[in-house]
2 protein chains.
Amino acid sequence: MNDVETRTRLVREARDLFAACGYDGASIRAITKAAGANLGAVTYHFGSKRALYEAVLDVIFGELAERVEAAAAPPGPTPDRLAAVVHALFGFFEQHPHAPRLMLHQLATGDGIPAVIVPYLRRNLAAIRHVVEDGVRTGDIRAAEPNLVAFTLISQSVWFALVGRNLPAILGEGAPEAFAHRIEHHVADAVSRYVARET
Amino acid sequence: MNDVETRTRLVREARDLFAACGYDGASIRAITKAAGANLGAVTYHFGSKRALYEAVLDVIFGELAERVEAAAAPPGPTPDRLAAVVHALFGFFEQHPHAPRLMLHQLATGDGIPAVIVPYLRRNLAAIRHVVEDGVRTGDIRAAEPNLVAFTLISQSVWFALVGRNLPAILGEGAPEAFAHRIEHHVADAVSRYVARET
């Protein structure tokens, strides 16, 4: 392995182990072993375990921000653009089931949202804000407050990523896959009704 | 201390330590010491650490279910009844900041929702379902699906309990207390718009 490969593998294995065991639970020994690297590789490539953790968050939340921006960018009816953002979030969490778990570990410690992901969260908010502002300007939607639209959109999507697979049993619903699709549609619908013009 | 006092103190101290340190992180030694009980008290009163943990969840989520049912019960306009449920959730989480943390630790382990709290979650859902069904029957709201209304109401409220105190800094908003009030109002508004009749 060259340096780039080793670095990439360390980030990938660290991502999975942090998600499974939490920050404290994932040892440098376990991470380097899983990545097929020597014990000093974390220090060599990142300087510290904390810096490796932040590199993991950087990769994951960077990808999320890119997806949200790409989903929000194309012009079209405002409800469709907001539904595309919901779809981006559901797709991202489906492909990265470890992402909410990483956030959970962090939040559970009471340390709050790590500084490294704040710029990405702000990019997500800015993408949604632009969609709302476009819609208000063209009269497509009522003058809803962008931050509140973002809260309603993101909170429901992330909450589903966190507990969704437990819900069908509690609600007496059927197959988890059909349920995920139904909730994605529901979140887009709830956001669309929230911004709808009063008639 | 008599037995009832000891049991109550163990549950209270365990609640705080599980919330702060997670299930594995909170030792029986630390819990009994904080409760001023001897090391054998957990086994004597609960049988096991796991049973003590479930007793903690039982107390917390039992209180939550009672509050939600009490908030949902009084008759009135459907949006007001749903707003009362939102208010009950925000009030509960404000008074019990450890409650979402306990849930987080549990969810972060990937073990899902503990079986002991499922009956309470179903009581919350049933309370919201009755409000929605009443409103649909009287024509107060459109024929929204009760489980979806509950999802929109609960997901936003719990998400705020989990990350709310981090949001003002990210959003560039002011005082956390005013922000909590604003978001509570917003969640009630979003739910109200979701169930509003199409005109």
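Normalising by the residue count of chain B, find the relative contact order in percent from Cα pairs under 8 Å and 6+ residues apart.
So the answer I get is 21 percent.
Hey, got the dipole for chain B? About the Cα centre, +1 on K and R Cβ, -1 on D and E Cβ, debye to the nearest 20?
Details: 20 positive and 22 negative charges, 73 e Å.
Charge dipole of chain B: 340 debye, to the nearest 20.
How far is B:D134 from the same spot in each other copy, in nm, shortest first, if each label point sits 7 Å from Cα toward Cβ?
Between copies, matching label points for B:D134 lie 4.3 nm apart.
To the nearest 20 debye, what charge dipole does the range A:112-161 have about its Cα centre, counting +1 at the Cβ of each Lys and Arg and -1 at the Cβ of each Asp and Glu? Please list the in-between numbers first.
Working: 5 positive and 4 negative charges, 24 e Å.
Roughly 120 debye, rounded to the nearest 20.
With charges only on Cβ, +1 for K and R and -1 for D and E, what is the dipole size of the protein assembly as shown about its Cα centre, in debye, rounded to 20?
Here the protein assembly as shown has a charge dipole of around 660 debye.
Of the accessible area of the protein assembly as shown, with the probe set at 1.4 angstrom, what percent is carbon plus sulfur?
The C+S portion of the solvent-accessible surface of the protein assembly as shown is 54 percent.
Nearest 100 Å² is fine: what is the total accessible surface buried where chains B and A meet, probe 1.4 Å?
So the total buried area for this chain pair works out to about 3900 Å².
Which of these, B:R123, B:R81, B:R182, has the largest mean-square fluctuation under a Gaussian network model of chain B (Cα springs below 10 Å)?
B:R182
Cα centroids of the range A:160-199 and the range B:90-152: how far apart, whole angstrom?
14 Å
Put a point 7 Å out from Cα along the line to Cβ at A:G25; what are the distances to that point in the other copies, in nm, shortest first?
1.2
Using the 7 Å Cα-to-Cβ label point, sort the distances from A:A175 to its equivalents in the other copies shortest first and give them in nm to one decimal.
Going from nearest to farthest copy, the values are 5.3 nm.
Per residue of chain A, what 222 nm ellipticity follows from adding -39500 (n - 2.57) for every DSSP H run with n ≥ 4, rounded to the nearest 500? Before the final figure, lay out each step's value.
Numbers: 10 runs with 153 residues, N = 199.
After summing the helix terms and dividing by residue count, I get -25500 deg cm²/dmol.
When only DSSP loop residues count, what trypsin sites (Lys or Arg not before Pro) in the range A:1-66 have their Cβ near at most 15 other Cβ atoms within 10 Å?
Sparse-neighbourhood loop trypsin sites (Lys or Arg not before Pro): none present.
The values are calculated or read from the model by the stated rules, or taken from the named source; none is laboratory data. Just so you know, these numbers come straight off a predicted model, no measurement behind them. No Cβ is skipped: glycine too gets one built from the backbone with ideal geometry, and neighbour counts run over all protein chains shown. SASA here: full protein model, heavy atoms, side chains in, ligands and nucleic acids out. Shrake-Rupley method; radii C 1.70, N 1.55, O 1.52, S 1.80 Å.
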